[in-house]
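Novice: Submitted below is the structure of interest, expressed as structure tokens.
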Amino acid sequence: MKKSVRASLPVISTLAAIATVAPDIAQAAAPPPSSRPNVVIFITDDESWLERSAYGWSNLPTPHFDRVARKGALFTRCYTSAPSCAPSRASLLTGRNFWELEQGAFIQAWLPKKFPLLPDLLADAGYHTGYTGKGWGPGIPPPGVSKRDYRNPAGKACNNIKRPKEERSPGMSDFDYAANFEAFLKKRPAGTPFYFWVGCVEPHHPIDPNNHKHLETRHGIKPDDIKMPGFQTDKPESRRERAGIWHELCRADDDLGRILDTLEQSGELDNTIIIVTGDNGTAIPLSKASPYDWGVHEPLAIMWPARMKAARRVDDFVNFADFAPTILEAAGVPVPESMSGRSILPLLLSEKSGRIDSTRSFTVTGLEWHGQMPPYNSAARAIRDERYQYIINYGIRPPSATPPNRGAPTSLKPGETWEELYDCEADPWQQTNLAASPAHAETKARLKKQMRDYQLKTRDPRATGNMEIFNQTRALVETRKKNNYKDAHAP
């Protein structure tokens, strides 16, 4: 392994060094109605885990994310269900793996009404609920629902307040997330707990080409100072693009700071569960919309001052499908049987750090579609444990989304697949595909079986063979793309 790659390995150093602990888990007790926690989900659009300075790799200052991690817990193994915004957000809202959501497994389709949604369940239990910015999407209303009657699955929109003109910036949202949150709180009935989703559009493309200049002016960070993932081509234009993304991340972190200030000033901070994460990987090649670690590995910091011990690091695997059951359990609301995610409330309430629950030793992620047109198909599933990632590909990805020299075939017969295996400890940037290595055959077989068992348990169509809905939905979204997504309703 090259020395430069080893030197790029992340070092989690912002929090105090914490030893791995035995799987001793605190019991999660349902709170009485009078003390039910508030919930704020702060989710960015296109951000891989190492972009935040709390993880010790990035030199971008993100003080407000770091504050949440310092006052609560920094999670080192949070994974989205899919590296694509709509299915990722659908997983979070439903507590299910993306492949369990029928048409909801695809970007630019719809989320079926049959699946219970976190905001609705909380509203039915007496919570004041809403969202600002980007909710679920992009997509269309389900069949039988008109655009006029349609409500985003993220809840009731609170987007009436825009930023002052002097604070607006090309490529970034004009919505004033923090001001809309303040307005939402003012409408809350006295004594009512609240749930609010802050959906930052940032750091999504298109990126203002002048952003790299703004980053240097504000933080003194030049494109040459930017940390570059080892799998990305190091060119001046790539550095400028990443600097532009980092500038938007700074704005998102500033907005998080304003949200925290509002909670503190209103006296609600202590009893609010604050979850800060991103929906999928950074929008650079081999990250967003890819099965690789930088596509699905997300930042996650959670604080709940009234109940959580501060300055903890949690190394257990957490998936987006786990968030909804966690929030419902904390709120004392029954978790629907339809939710396949597992509550991480015991991890939040534990005083331990490191590995806490020995059963959280892996996670499964994947993708069905993110705009690829025939003959290309990025459908894949991946399993990640503490050291390895195994990927099974059901199609041929576009050349820009397939690393060179990884053994990708140029064509596949119907039903054929191709595999990848990476030692993420020795090869953190996933540059050497070990799937054909005899020395790693046992590891590949173990992970392949472990993933297939989980796929069958959760009735993944890729494992059961019941592909009718997926095939129909793929045809629909491909047609929608050909029409520039001008159709606004489901067939």
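Novice: Roughly speaking, what is the centre-to-centre gap between the stretch 214-229 and the stretch 378-456 when only Cα atoms are used, to the nearest Å?
Specialist: For the stretch 214-229 versus the stretch 378-456, the Cα centre distance is 34 Å.
Novice: Additional query: If I take every Cα pair under 8 Å that is 6 or more residues apart in the chain, average their sequence separation and divide by the length, what percent do I get for the relative contact order?
Specialist: 24 percent
Novice: Can you show me the helix-derived [θ] at 222 nm for the chain, built from DSSP H runs with n ≥ 4 at -39,500 (n - 2.57) apiece and divided by the number of residues, rounded to the nearest 500.
Specialist: -8000 deg cm²/dmol
Novice: From the Cα trace of the stretch 307-423, what convex hull volume per residue do you get, rounded to a whole Å³?
Specialist: 159 Å³
Novice: Return a whole-number percent for the relative contact order of the stretch 209-293, with Cα pairs under 8 Å and 6 or more residues apart as the contact set.
Specialist: For the stretch 209-293, the relative contact order is 25 percent.
Novice: By how many nm would the segment from Lys486 to Met467 lengthen if fully extended, with 0.36 nm per residue of separation less the alpha-carbon distance?
Specialist: Gain on extension, Lys486 to Met467, equals 4.2 nm.
Novice: Say the cut-off is 24 Å between C-alpha atoms; which of Lys162/Lys288; Lys165/Lys213; Lys114/Lys134; Lys156/Lys186 go over it?
Specialist: Exceeds cut-off: Lys162/Lys288.
Novice: Okay, next question. Sum up the charges of everything whose Cβ sits under 13 Å from the Cβ of Tyr131, counting Lys and Arg as +1 and Asp and Glu as -1, but leave Tyr131 out.
Specialist: +3
Novice: Where the accessible area of the stretch 365-454 is counted over protein heavy atoms with a 1.4 Å probe, how much of it, in %, is carbon and sulfur?
Specialist: Exposed carbon and sulfur together represent 54 percent of the surface.
Novice: Further question: Quote the relative contact order of the stretch 124-208 in percent (integer), defining contacts as alpha-carbon pairs under 8 Å separated by 6+ residues.
Specialist: Answer for the stretch 124-208 is 45 percent.
Novice: Carbon and sulfur atoms: what percent of the 1.4 Å accessible area of the stretch 106-247 do they account for?
Specialist: After summing per-atom areas, the C and S share lands at 50 percent.
Novice: When you count, for each residue, the other Cβ atoms within 10 Å and take the mean per peptide, how do 358-369, 151-162 rank with the highest first?
Specialist: 358-369, 151-162
Novice: Straight-line reach from Lys309: which lysines have Cα under 25 Å away, leaving out those fewer than 8 places along the same chain?
Specialist: Lys71, Lys352
Novice: Could the peptides 269-276, 377-384, 43-50 be put in order, highest first, of the mean number of other beta-carbon atoms found within 10 Å of their residues?
Specialist: Packing order, densest peptide first, comes out as 43-50, 377-384, 269-276.
Novice: Sum up the charges of everything whose Cβ sits under 13 Å from the Cβ of Asp45, counting Lys and Arg as +1 and Asp and Glu as -1, but leave Asp45 out.
Specialist: Every neighbour counted, the sum reads -4.
Novice: Report the charge-dipole magnitude of the chain in Debye, nearest 20, computed about the Cα centre from +1 at each Lys and Arg Cβ and -1 at each Asp and Glu Cβ.
Specialist: Around 480 debye, computed over the chain.
Novice: Determine the percent antiparallel among the DSSP beta bridges restricted to the chain, to the nearest 5.
Specialist: Within the chain, antiparallel bridges account for around 50 percent of the total.
Novice: Excluding ligands, DNA and RNA, what is the solvent-accessible area per residue of the chain at a probe of 1.4 Å, expressed in Å²?
Specialist: Value returned for the chain: 40 Å² of accessible area per residue.
Novice: Around Ser58, with a cut-off of 13 angstrom between Cβ atoms, what is the net charge of the other residues, counting Lys and Arg +1 and Asp and Glu -1?
Specialist: -2
Novice: For the chain, what does the equivalent ellipsoid look like in terms of its semi-axes, each the square root of 5 times an eigenvalue of the Cα gyration tensor, given largest first in whole Å?
Specialist: Gyration-tensor ellipsoid for the chain: 31, 26, 25 Å.
Novice: Right, another one. Largest first and in whole Å, give the semi-axes of the stretch 176-334's equivalent ellipsoid, each being the square root of 5 times a Cα gyration tensor eigenvalue.
Specialist: Semi-axes, largest first: 32, 20, 14 Å.
The values are calculated or read from the model by the stated rules, or taken from the named source; none is laboratory data. Only a predicted model underlies this, so the values are computations on that prediction, with no experimental measurement involved. Backbone-built Cβ (ideal geometry, glycine too); neighbour counts: all protein chains shown. To get the accessible areas, we keep the full protein, side chains included, count just its heavy atoms, and leave off ligands, DNA and RNA. Shrake-Rupley method; radii C 1.70, N 1.55, O 1.52, S 1.80 Å.
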